[in-house]
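**Student:** Okay, here's the structure, questions in a sec.
Every number in this text was worked out from the coordinates using simple rules, so none of it is lab data. Note that the structure is a prediction, hence the values are computed from the model and not measured. We place every Cβ from the backbone using ideal geometry, glycine too, and count neighbours over all the protein chains shown.
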Amino acid sequence: MTIRFDGQVAIVTGAGGGLGREHALSLAARGAKVVVNDLGGARDGSGGSATAAEAVVAEIEAAGGEAMANAASVTDFVAVQAMVDAAMAKWGRVDLLVNNAGVLRDRTFAKMEIEDFRFVVDVHLMGAVNCTKAVWEIMRGQNYGRIVMTTSSSGLYGNFGQSNYGAAKMALVGLMQTLAIEGGKNDIRVNCLAPTAHTRMTEDLGAALPLEALAPELVTPGLLYLLSRDAPSRCILAAGAGGFERAYVTLTEGVHISGEDAPEQVAAQFDAISDRAKEIVPEMGAAQGMIELTKAQKAHAS
Ligand SMILES: NC(=O)c1ccc[n+]([C@@H]2O[C@H](COP(=O)([O-])OP(=O)(O)OC[C@H]3O[C@@H](n4cnc5c(N)ncnc54)[C@H](O)[C@@H]3O)[C@@H](O)[C@H]2O)c1
């Protein structure tokens, strides 16, 4: 079935360029009214101007769509709240939130200033928290919402020089895990997208592939599915160059260990602890404790 967003209102942060622009254009082309948010600053988050967001709104309008520009920094909760208020005043609802705004301040951990760590966490993590908080009650009231956090392979798997960025991106996975659980009863579905695309954020990486192979528009189909009525929830979808994969946070079956020499047994049985043959994806954090208690009870009974 064709994925459409007619009658729905979307907010896309950091939509003045790169992936966010592509997301905003595609949402509008499929019927959504779109708040195009972008601070319009440099890649490291310095500066700011509404021009980038306004240019994307002009593109949407030229194609017959509806959009409004917003230049709030996602780090400013008051400005984010005003952005959501403006969307509500104009269109009366918010159905879709794409937390996409982001910055880079790469350095090895040895050379990184605490301020650059804090700033990157503030934009990615607290920016997503601010925007999500500002729409959460609206979505609960509507009994409908779709939220996507933009995570990264750097957070999921690590990347040299990106301890700040990776930590912030993995924090978004943690945020998703709990919000998907809490939002479930109001049909608020929360997912993560881990993109790979050639944008100004990745322009220094030197493309081993032709640039068009990593075009942002090849990521957007994954986003549109995560925003659709039939979206999954609590999913980490990876996307780039037309490839789509899923990442999971898993738990191995493990072993039960007790006794004086427990540390040595942990060492001796580390291969068994690490064995992935029977690993699961727990439905919530409490599952770990339940599994451990079950193993303890079995060990005591035998
Ligand atoms: N390009 C990739 O391969 C890749 C990989 C993994 C994750 N990501 C993530 O995808 C998202 C989009 O990145 P991109 O590659 O399109 O880069 P980009 O630099 O083109 O886009 C990021 C946008 O966010 C805006 N922004 C920055 N700080 C903001 C703030 N405080 N408030 C509002 N807007 C702000 C910027 O002005 C910019 O337009 C980011 O979250 C990024 O971390 C990108």
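**Student:** What order do you get for H256, H198, H300 when you list them from fewest to most C-beta neighbours inside 10 Å?
**Tutor:** Ordered by Cβ neighbours within 10 Å, fewest first: H300, H256, H198.
**Student:** Find out how many positive minus negative residues lie around V57, taking Lys and Arg as positive, Asp and Glu as negative, among other residues whose Cβ is under 15 Å from that of V57.
**Tutor:** Charge balance in the 15 Å sphere: -3.
**Student:** Longer than 26 Å from Cα to Cα, which of K185/K278; K133/K169; K90/K133; K33/K133 are they? Say none if no pair is.
**Tutor:** K185/K278
**Student:** List T250, T196 from most exposed to least, where exposure is judged by having the fewest other Cβ atoms within 10 Å.
**Tutor:** Least crowded to most crowded, the residues run T250, T196.
**Student:** Let me ask another. Helix-derived [θ] at 222 nm for the chain: sum -39500 (n - 2.57) over DSSP H runs of at least 4, divide by residue count, nearest 500?
**Tutor:** Result for the chain: -12500 deg cm²/dmol, rounded to the nearest 500.
**Student:** Along the positive direction of the dipole of the stretch 9-247 (beta-carbon charges: Lys, Arg +1; Asp, Glu -1; about the Cα centre), which of V57, P216, L156 reaches farthest?
**Tutor:** Positive-most Cα among the choices belongs to L156.
**Student:** Of A299, F270, A287, which is farthest towards the positive pole of the stretch 262-301's charge dipole, taken about the Cα centre with +1 and -1 on the beta-carbons of Lys, Arg and Asp, Glu respectively?
**Tutor:** Of the options given, the answer is A299.
**Student:** Okay, next question. Under 12 Å from the Cβ of R200, count the other residues' Cβ atoms, weight Lys and Arg +1, Asp and Glu -1, and hand me the total.
**Tutor:** Counting the neighbours of R200, the net charge comes to -1.
**Student:** Also: For A268 and V255, compute 0.36 nm times the residue count separating them, minus their Cα-Cα distance, and round to one decimal in nm.
**Tutor:** 3.5 nm
**Student:** To the nearest 20 Debye, how big is the dipole of the stretch 262-301 about its Cα centre, given +1 on the beta carbon of each Lys and Arg and -1 on that of each Asp and Glu?
**Tutor:** Roughly 140 debye, rounded to the nearest 20.
**Student:** I would also like to ask the following. First select every other residue whose beta carbon is under 15 angstrom from the beta carbon of G222; then total the charges, Lys and Arg +1, Asp and Glu -1.
**Tutor:** 0
**Student:** Between the stretch 243-302 and the stretch 64-115, what's the alpha-carbon centroid distance in Å?
**Tutor:** Between the Cα centres of the stretch 243-302 and the stretch 64-115 lies a distance of 39 Å.
**Student:** Can I ask one more? Name the helices (complete DSSP H segments) of the chain with a Cα length along the long axis of 27 Å or more and a Kyte-Doolittle mean of at least -0.5, or state none.
**Tutor:** 163-183
**Student:** Could you line up I114, I147, I60 from fewest to most neighbouring Cβ atoms inside 10 Å?
**Tutor:** I114, I60, I147
**Student:** Taking θ as phi - 60°, what are the ³J(HN,Hα) couplings along the stretch 187-198 by the Karplus curve (6.51, -1.76, 1.60), each to the nearest whole Hz, with x for Gly and Pro?
**Tutor:** For the stretch 187-198, the Karplus-derived couplings read 6, 9, 9, 10, 9, 10, 10, 10, x, 10, 7, 7 Hz, x marking Gly and Pro.
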